[in-house]
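Trainee: Let me begin by handing over the structure; questions about it come next.
The values are calculated or read from the model by the stated rules, or taken from the named source; none is laboratory data. Note that the coordinates shown come from a computational prediction; the quantities given were computed from them, not determined experimentally. All Cβ positions, glycine included, derive from the backbone under ideal geometry; neighbour counts span all protein chains shown.
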Amino acid sequence: MTLLPWTRACFVCGQDNPHGLRLRCRLEDGRAVLEHAAREADLGWKTFVHGGIIMALLDEAMAWAAMAAAKRPCVTAEMTARLRRPAMVGMRLRVEGEVREHGSRILTTNGRIVDDQGREVAGASGKFVPMSPEQAGPWIQDLIAGPGTLRPEDLFPGL
C-alpha cells in the first residue's frame, strides 16, 4: 500500500476545503483505492447518498489510477457511471479505480464502489487525458505529501 499526495482545495482530497470529504487515496495492487464513511452532509434524498458524491468518489479513484499509470497529472475527459444500489448514510464505502487501457493520448479506466459487505454500489468507466508540463506545474505545486506518502517528484518524475 502506497499513500498518494493530496491537494489543499479538492472537494474529495483537499485538506483545506471545509465542505470537502478530506479523503486519502492509496495505491494497492495497481489500483487507486479510497474509503469513505457516508455522512449526513452527503445526503441526496432522505437517507440516500447523493449521486454526485458517488460520481466524485469514482472520479477521484479513476483519476489517481490514471495519474499513477501515466506518471503525469491527468484530467477527466469523459465519465459514465451506473448506480446499482443506494448508498446510505453511515455506510462504509470502498472505492477503486484502475487503468484498463493506456493509449498515447488517453487512458481508459474502470471504477467501482462496494459496500462493507462487498456488494457493488456503483460502477464507472472514464477517459483521462494527461496534462502538458505547463498545465501540470501549478497543479503539482499544490500537492501535499505527508509522512509515508509518495512524493510528487517520485509520482511524476521529470515534471
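Trainee: Mind checking which residues of segment 99-128 are farther than 14 Å from residue 67 by Cβ, basic (Lys, Arg) and surrounded by 17 or more Cβ atoms within 10 Å (Cβ to Cβ)?
Mentor: Selection gives 112 alone.
Trainee: Just to be sure before I move on: is residue 126 of a type in the set (Gly, Ala, Ser) and either at pLDDT 95 or above or under 14 Å from the mean Cα position of the chain (by Cα) (or both) in the structure I sent?
Mentor: So residue 126 fits the description; yes.
Trainee: For residues in segment 2-14 being of a type outside the set (A, V, I, L, M) and part of a loop (DSSP other than H, G, I, E, B), which is surrounded by the most Cβ atoms within 10 Å (Cβ to Cβ)?
Mentor: Within segment 2-14, the match that is surrounded by the most Cβ atoms within 10 Å (Cβ to Cβ) is 13.
Trainee: Quick check on my filter: what residues within segment 13-48 are closer than 18 Å to residue 152 by Cα and hydrophobic (A, V, I, L, M, F, W, C)?
Mentor: If the condition is that a residue be closer than 18 Å to residue 152 by Cα and hydrophobic (A, V, I, L, M, F, W, C), then 13, 23, 25, 27, 32, 33 are the ones that fit.
Trainee: Being crowded, with 19+ Cβ neighbours inside 10 Å and touching a Lys or Arg at 6+ places or on another chain (Cβ under 9 Å) is the filter here; which residues of segment 144-159 pass it?
Mentor: The answer is 155, 156.
Trainee: Pick from 91, 62, 131: which is under 16 Å from the mean Cα position of the chain (by Cα), on the phi < 0 side of the Ramachandran plot and surrounded by 13 or more Cβ atoms within 10 Å (Cβ to Cβ)?
Mentor: 62
Trainee: Looking only at segment 97-147, which residues are of a type in the set (D, E, K, R), within 19 Å of residue 78 (Cβ to Cβ) and out of contact with any Ser or Thr (no Cβ under 7 Å at 6 or more places or on another chain)?
Mentor: Matches in segment 97-147: 105, 112.
Trainee: Could you please find all residues in segment 120-159 being over 23 Å from residue 35 (Cβ atoms) and either polar (S, T, N, Q) or touching a Phe, Trp or Tyr at 6+ places or on another chain (Cβ under 9 Å) (or both)?
Mentor: Answer for segment 120-159, where residues must be over 23 Å from residue 35 (Cβ atoms) and either polar (S, T, N, Q) or touching a Phe, Trp or Tyr at 6+ places or on another chain (Cβ under 9 Å) (or both): 131, 132, 135, 136, 140, 141.
Trainee: Could you identify the single residue in 97, 146 that is in contact (Cβ under 8 Å) with a residue 60 or more places away in the chain, touching a Gly at 6+ places or on another chain (Cβ under 6 Å) and within 17 Å of residue 2 (Cβ to Cβ)?
Mentor: Just a single option satisfies the conditions, and that option is 97.
Trainee: Something else now. Considering only segment 15-44, state which residues are farther than 30 Å from residue 102 by Cα, loosely packed, with under 15 Cβ neighbours inside 10 Å and of a type in the set (Gly, Ala, Ser).
Mentor: If the condition is that a residue be farther than 30 Å from residue 102 by Cα, loosely packed, with under 15 Cβ neighbours inside 10 Å and of a type in the set (Gly, Ala, Ser), then 37, 41, 44 are the ones that fit.
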